Amino acid sequence: MKQKLQEDLKAAMKAGDKLRVMTLRGALSEITRVEKDVRRDASEAEIIQVLKRERGRRDEALEFARKGGRQDLIDQNETEAKILDGYLPAALSPEEVKAAIAAQIAAGVDQVGPLMKSLRAQFGVGLDGKMASELVKQALAPK
């Protein structure tokens with residue numbers, strides 16, 4: 001994954017795509033920071049976590065840009081988010097997560113913590129934690 005990011009960065013530099021260069025450089029610098037922290041090469045899962053974190057930052061920046069009415073920043077952050085989405089695995093649909101939650105509840109798990117832990121174990125880095133947390137809370141809410 002890191003190799004692909006580096007190759008795409010070189011291609012973007014040759015093509016003169018400044019926004020893609022900036023986005024990929026930022027992601028690669030975060031990956032390098034993680035590698036320095038753990039003193040080894042980052043695993044595929046760690047790289048995906050970094051990319052998800054970077055994607056989340058773009059979402060947050062988009063929210064502030066919309067509140068401020070800054071169309072230039074809205075366009076920039078939307079483009080950066082699309083670039084990062086190209087490297088992230090396909091997100092799970094809410095229906096898939098709901099089915100897994102229902103199966104866990106049927107098996108007797110009735111608390112948020114253990115449910116979230118089993119979902120992370122089942123889906124790994126493909127799980128959107130925020131969406132899963134909301135669905136778990138809805139499923140456990142008294143009817």
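Each reported figure results from applying straightforward, stated rules to the coordinates on display, with no laboratory input. This is a predicted model, so every value here is computed, not measured. Every residue, glycine among them, receives a Cβ derived from its backbone with ideal geometry; neighbour counts consider all protein chains shown.
Please pull out the direction-averaged projected area of the chain, using the convex hull of its alpha-carbon atoms, in nm² to one decimal place. Before the final figure, lay out each step's value.
On the way: hull surface 43.7 nm².
Mean projected area of the Cα convex hull: 10.9 nm².
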Determine, from the Cβ-Cβ distance of residue 44 and residue 71 and an R0 of 41 Å, the FRET efficiency 1/(1 + (r/R0)^6), rounded to the nearest 0.05.
-> 0.70
Mind sorting 105, 74 by how few other Cβ atoms lie within 10 Å of their own Cβ, fewest first?
-> 105, 74
